[in-house]
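Please treat every number below as a calculation from the coordinates, not as lab data. Source: prediction; values computed, not measured. Note: ideal-geometry Cβ built from the backbone for every residue, glycine included; neighbour counts use all protein chains shown.
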Amino acid sequence: MGKALPYAGALLVPALAGTLLWTWADRSLRSPHGLPTALGVAGGLALTAAALLAHNALFREGGSIAAAVLMLAGLTAVWVEARDSAVRGAVADCVVLGEVKVTHHPTFGEGAPEARTLYHHTLDCAGGYPTDFSAEERIGSSGTAVRIAYDPAHRMDPVLERQNKAHGSPVVPASLLALSAALSAVAISREGRGEE
């Protein structure tokens with residue numbers, strides 16, 4: 001019975017922290033009131049700090065550092081995947097204006113990412129936003145009508161309407177948090193063995 005509470009905490013802290021952080025990240029990105037990005041990130045950091053403090057409180061002898069690191073990685077992945085699961089909430093009908101500017105972004109060195117070419121478009125959109133749009137493809141020449149999906153609170157970059165799809169997945173963060181819980185449980189089971 002003496003270790004029942006730490007075992008329960010080892011399982012519940014990562015699960016609860018991950019669920020709360022996913023909910024917070026999702027709501028802060030989808031809020032129709034335009035929750036400021038700084039407030040969204042601050043809330044996420046506060047939830048993460050509370051989870052790490054709760055994790056640390058489970059152990060008398062410092063616990064498993066690997067479990068804490070995995071929980072931090074899992075909670076970071078939660079934020080990234082929740083962000084990627086968000087879609088832009090508004091669509092604007094736009095017209096490309098003027099010439100499309102092209103910039104080349106070479107990279108150097110072994111293992112560097114591939115060189116990129118960006119096409120910069122000036123737009124005239126119903127509602128006045130966005131006024132410019134950059135992509136790795138030419139979306140049209142002057143006078144071309146395009147539909148751009150955007151976040152009314154401007155927390156995410158605009159994308160073409162056809163690319164406005166959720167692609168976040170909870171699999172990676174859930175795996176990291178489950179591994180953290182397992183390592184925490186192992187650390188709890190080993191506590192006090194050196195004193196026997």
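Over the chain, with a Gaussian network built from C-alpha contacts below 10 Å, which listed residue (Pro130, Pro113, Pro173) shows the highest mean-square fluctuation?
Highest fluctuation among the options: Pro113.
Could you give the DSSP H helices of the chain that reach 15 angstrom or more along their long axis (alpha carbon positions) and whose average Kyte-Doolittle hydropathy is no lower than 1.0?
Those that pass (Cα extent of 15 Å or more, hydropathy at least 1.0) are 37-57, 65-84, 171-190.
At most 10 other Cβ atoms within 10 Å and a DSSP loop assignment: could you name the chymotrypsin sites (Phe, Trp or Tyr not before Pro) in region 54-127 that fit?
Sparse-neighbourhood loop chymotrypsin sites (Phe, Trp or Tyr not before Pro): Phe108.
Stretch Glu99-Ser169 to full length: gain in nm at 0.36 nm per residue minus the Cα-Cα span?
In short, 21.4 nm is gained.
Taking a ≥ b ≥ c as the square roots of the eigenvalues of the Cα gyration tensor of region 77-125, is the shape rounded (a/c under 1.5), prolate (a/b larger than b/c) or oblate?
Here region 77-125 falls in the oblate category.
Could you calculate the contour length gain from Ala54 to Leu5, that is, 0.36 nm times the residue separation minus the distance between their Cα atoms, to one decimal place in nm?
Length gained between Ala54 and Leu5: 16.4 nm.
Which residues make up the longest stretch of the chain that has no trypsin sites (Lys or Arg not before Pro) in a DSSP loop with at most 16 other Cβ atoms within 10 Å?
With trypsin sites (Lys or Arg not before Pro) excluded where exposed in loops, the chain gives 61-137 as its longest stretch.
Top mean-square fluctuation among Ala42, Ala92, Ala68, Gaussian network model of the chain, C-alpha springs under 10 Å?
The residue with the greatest mean-square fluctuation here is Ala42.
Could you tell me the relative contact order of the chain? Use alpha-carbon pairs under 8 Å, at least six residues apart, and round to a whole percent.
Relative CO of the chain lands at 29 percent.
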